[in-house]
1. Tell me the relative contact order for the range 1-124 as a rounded percent, counting alpha carbon contacts under 8 Å between residues six or more apart.
2. So for LEU386, LEU205, LEU26, what's the accessible-area order with a 1.4 Å probe, most first?
3. Please give the solvent-accessible surface of ARG199 in Å², to the nearest 10, using a probe radius of 1.4 Å with every protein chain present.
4. Got a sec? What order do ASP313, ASP362, ASP23 fall in by accessible area at 1.4 Å, biggest, i.e. largest, first?
5. State, to one decimal in nm, how far the label point of GLN99 lies from the label point of GLU328, with both points 7 Å from Cα in the Cβ direction.
6. To the nearest Å, what is the center-to-center distance of the range 321-359 and the range 93-151, using C-alpha atoms only?
7. If the label point is 7 Å along Cα→Cβ of GLU354, which residues in the range 410-431 have backbone nitrogen under 13 Å from it?
8. Hey, what did the range 278-400 get for relative contact order, percent, Cα under 8 Å, at least 6 apart?
Amino acid sequence: MLDSARFDVIGPTKPIQVMVGEDVDLPCHLSPNISAENMELRWYRNKISPAVYVYQKEKDQEREQIKEYQGRTTFVRDNITEGNVAVTIHNVRVSDDGQYRCFFKDDQIYEEAIIELKVASLGSDPHIHMEAYGDEGILLECTSAGWYPVPQVLWRNLKGEMLPLLSVSQTPNGDGLITVKASVVIRDHSVGSVSCSIRNPLLNLEKVVRISIPGRFFSRLSPWMMSVAVILTALGLLTIGAIFFIWKLQRNNREKENKSVNKEKFQEELRWEKAQLHAVDITLDPDTAHPYLLLYEGLKSFRLEDTPQKLPDKPERFDSWPCVLGREGFTSGKHYWEVEVGDRTDWAIGVCKENVVKKGFDPMTPENGFWAVELYGNGYWALTPLRTPLPLKGPPCYIGVFLDYESGHISFYDITNASHIYTFPQASFSGTLRPFFCLWSCGKKPLTICPIFSGPDEVTVIANAPVLSKESLVTPTSEGATPGDADTLQRSNSKLFPIQSNNGAPDH
């Protein structure tokens with residue numbers, strides 16, 4: 001009989017490639033094209049039973065199926081009478097990667113073919129974390145999750161030259177997908193910008209993130225580094241004596257203080273630069289605006305008028321403090337925005353809980369759900385219960401607000417000189433937080449929410465060269481800006497201010 005004749009099982013000649021989460025067919029066919037309808041068919045891996053899939057006596061044999069494949073396979077038998085069949089694996093996992101065998105048996109005659117399945121995953125867009133490294137440079141750590149197989153990581157400068165890695169790790173999670181971290185130390189102030197590329201060797205695709213490094217970061221470090229070198233040289237030449245010994249101790253103490261101050265300032269600048277990566281587009285919520293506040297310019301600016309507007313008395317509207325909230329609410333993540341205060345002399349800016357009391361004159365303190373800074377009576381204050389004075393070098397025209405929900409921090413920055421103003425003590429946030437704005441006196445000069453700007457990170461997916469690209473995923477660009485501009489880290493149009501005090505200011 002023809003059905004009992006000798007046959008061969010033919011599988012794919014090349015490995016089958018599939019992305020994690022997709023479906024894949026593992027096809028096999030008989031040569032010659034005889035019917036396999038009455039045969040025993042198996043797709044298995046290391047041992048013939050239990051198997052990935054078993055067809056016998058013209059139906060599925062679920063009892064012989066490996067547990068992890070139960071409910072994840074479909075037998076494709078449309079052309080079984082021609083000996084052409086396949087098994088579909090649904091929602092492919094990393095664990096599905098490897099070799100399979102399709103086995104055909106007719107009475108005592110059996111043959112099999114080998115199928116190679118290559119599973120791949122392109123990880124998340126890389127993120128760069130930046131911090132000071134000792135006294136001599138900046139540490140950059142590139143992180144991305146969800147890769148398979150193990151990716152290749154390279155750091156390069158503007159010339160395309162590879163930078164030596166300080167450390168690299170590839171850690172699989174419970175699903176077998178790999179999180180990669182690779183760090184470098186930058187000591188050259190002229191480096192300009194660097195890129196981190198993470199490449200999937202199977203897909204021949206890579207994701208690249210670029211970041212610019214302002215030279216002023218290095219200039220913050222180099223002056224005291226030079227002074228330390230001079231002092232150490234001088235100390236080496238001092239003669240042993242009581243007077244010089246005391247002088248030496250005093251000088252060293254002063255240097256340690258200067259080092260601590262300089263490094264703290266440097267770290268604050270890095271935190272501000274990193275905050276800018278989380279810029280969000282803020283608009284004012286007219287339903288919350290006090291009747292004396294006039295909102296205009298696309299709900300981006302407002303001023304305090306001397307006559308009220310006729311507005312519906314809504315529960316969410318402020319009726320005593322001349323305040324307004326942003327439309328955007330945050331329940332997680334990091335968010336940054338800037339406000340142009342110009343030369344106005346009385347305002348409050350910050351973050352508050354969505355459900356703060358808006359009727360009456362409850363104090364604006366963290367206990368009541370407000371975290372804000374203000375300018376009032378020629379003084380800058382943080383609105384803490386006892387009002388914390390904020391000494392500033394000069395009046396800022398723009399203020400940056402940074403909310404880190406998970407860490408419980410709200411920070412304020414003077415954008416004019418890239419300096420830190422104040423960070424509220426760590427809190428445990430719950431519920432929705434919203435941007436908060438207030439004006440204490442009338443005038444034509446408004447407070448204006450600044451347009452968002454493009455962050456320094458630009459992510460590109462490259463296939464074989466510059467083929468498949470995925471543009472910047474950090475923030476949208478402002479008008480006139482170009483996505484992926486490597487210099488967007490150095491932004492000049494921004495400013496910041498504080499709130500609260502205990503001398504001559506009202507209890508907001």
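The values are calculated or read from the model by the stated rules, or taken from the named source; none is laboratory data. These numbers come from a predicted model, not from an experiment. All Cβ positions, even for glycine, are placed from backbone atoms using ideal geometry, and neighbour counts span all protein chains on display. For accessibility, only protein heavy atoms count, side chains too; no ligands or nucleic acids. Shrake-Rupley method; radii C 1.70, N 1.55, O 1.52, S 1.80 Å.
1. Working: 281 pairs, mean separation 43.6, N = 124.
Once divided by the residue count of the range 1-124, the mean separation gives 35 percent.
2. Descending order: LEU386, LEU205, LEU26.
3. 70 Å²
4. Working: ASP313 135, ASP362 65, ASP23 90 Å².
Most to least solvent-accessible, the answer reads ASP313, ASP23, ASP362.
5. Label-label distance for GLN99 and GLU328, simple model: 5.4 nm.
6. After rounding, the separation between the Cα centres reads 45 Å.
7. Only 430-431 pass the distance filter.
8. Relative contact order for the range 278-400 comes out at 23 percent.
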